[in-house]
There are 2 protein chains.
Amino acid sequence: MTDYGVRPIGWVRSPIKSRDQAPHQGRPAGIEAELVMEESVAPALDGIQAGDKLFVLCWFHMAEREVLRVHPRGNPAIPKRGVFATRSPDRPNPIGMCLVDVLSVEDRTLKVRGLDALDGTPVVDLKPYRSSLDT
Amino acid sequence: MTDYGVRPIGWVRSPIKSRDQAPHQGRPAGIEAELVMEESVAPALDGIQAGDKLFVLCWFHMAEREVLRVHPRGNPAIPKRGVFATRSPDRPNPIGMCLVDVLSVEDRTLKVRGLDALDGTPVVDLKPYRSSLDT
């Protein structure tokens, strides 16, 4: 089976230090965090500014990749469902996707609101939100 | 530098056979395609049905990973911008993200509308659209 190599392009700095502390989804919780991007990708940030909405793609390094069915929102009262029908971090390729508001950009550090990733989570991609594509 | 291994969980079957034929974005073009998912992840599809909106995450295996700045929409009249401020397939981790409408689910084949990935593109994740998270 072919594998593709994803490399971290940045890192999350967040007040959320463990899965126990994490909200089920970041956007409603409005948590403020920072994305500290690697020097090597700095030119790729050109054009991002405060006020933008971005999808942050992370690698959920603490997730379990063998899990295929889960109780939605971790609630045992809700029948199990396939992980592709949920936003569970546990999934075969644990790529997290979280829409955030950019509060500021200083050099290679983006301050953002609405991220549910743990402190130390690798960032693997950033994509601008486009209402024509994403709704 | 640590790398994370992403493995294909399915494959795109599409009338789009080359980058020349690809629309700049799939959703406005309304292209119909199929996702043929791997047997090993079939239980993870449980709960997906016709009428759902899904984000399809693909691995753009034809993309260039060294490109950090591009002309948006490939238009040389628009000044170059960092790839993280665009939806270009060329980026350090060439993960494509495309919102599609599910037309049908039969066994491990999902018929979808709005996918801009080439025929043969590996699928790496599926996530349900949630208006509370994604707008």
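The values are calculated or read from the model by the stated rules, or taken from the named source; none is laboratory data. Not measured: the values here are computed from a predicted model. FYI the Cβ positions are ideal-geometry reconstructions off the backbone, even for glycines, and counts take in every protein chain you see.
In table form, for the structure just shown:
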{"read-out": "Sole exception among (1) crowded, with 18+ Cβ neighbours inside 10 Å; (2) in contact with a Leu (Cβ under 7 Å, 6 or more places away or on another chain) for A:Ala85, by number", "value": "(2)"}
{"read-out": "Whichever residue in the stretch A:81-107 is under 13 Å from the mean Cα position of the chain (by Cα) and aliphatic (A, V, I, L, M) and, among such residues, is farthest from the other protein chains (Cβ to nearest Cβ)", "value": "A:Val100"}
{"read-out": "Matching option when the condition is surrounded by fewer than 19 Cβ atoms within 10 Å (Cβ to Cβ) and either within 11 Å of another protein chain (Cβ to nearest Cβ) or in a strand (DSSP E or B) (or both), among A:Gly47, A:Gly51", "value": "A:Gly47"}
{"read-out": "Hits in the stretch A:108-126 - residues which are at the interface with another protein chain (Cβ under 7 Å from one of its Cβ atoms) and either out of contact with any helix residue (DSSP H, G or I) (no Cβ under 7 Å at 6 or more places or on another chain) or among the hydroxyl-bearing types (Ser, Thr, Tyr) (or both)", "value": "A:Val124, A:Asp125"}
{"read-out": "Which listed residue is in a loop (DSSP other than H, G, I, E, B) and aliphatic (A, V, I, L, M), from B:Val67, B:Val56, B:Val100", "value": "B:Val67"}
{"read-out": "Test: residue in the stretch A:56-68 that is within 21 Å of B:Leu133 (Cβ to Cβ), touching a strand residue (DSSP E or B) at 6+ places or on another chain (Cβ under 6 Å), at the interface with chain B (Cβ under 9 Å from one of its Cβ atoms) and at pLDDT 95 or above", "value": "yes"}
{"read-out": "Residues satisfying the stated conditions in the stretch B:24-44, i.e. within 16 Å of the chain's Cα centre (by Cα), assigned to a loop (DSSP other than H, G, I, E, B) and either modelled with pLDDT of 90 or more or closer than 10 Å to B:Gly114 by Cβ (or both)", "value": "B:Gln25, B:Gly30, B:Ile31"}
{"read-out": "Residue list for the stretch B:1-15, filter: more than 18 Å from B:Asp90 (Cα to Cα) and of a type outside the set (S, T, N, Q)", "value": "B:Met1, B:Asp3, B:Tyr4, B:Gly5, B:Arg7, B:Pro8, B:Ile9, B:Gly10, B:Trp11, B:Val12, B:Arg13, B:Pro15"}
{"read-out": "Number of the condition not met by A:Arg7 [criteria: (1) at the interface with chain B (Cβ under 10 Å from one of its Cβ atoms); (2) over 19 Å from A:Tyr129 (Cα atoms); (3) surrounded by 18 or more Cβ atoms within 10 Å (Cβ to Cβ)]", "value": "(3)"}
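One line per residue, one yes/no per condition, for (1) among the acidic types (Asp, Glu); (2) at negative phi; (3) free of Cβ contacts under 8 Å to residues at least 24 places away in the same chain:
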| site | (1), (2), (3) |
| --- | --- |
| B:Cys58 | no, yes, no |
| B:Arg65 | no, yes, no |
| B:Arg69 | no, yes, yes |
| B:Ile78 | no, yes, yes |
| B:Ala85 | no, yes, yes |
| B:Pro92 | no, yes, no |
| B:Gly96 | no, yes, no |
| B:Asp101 | yes, yes, no |
| B:Ser104 | no, yes, no |
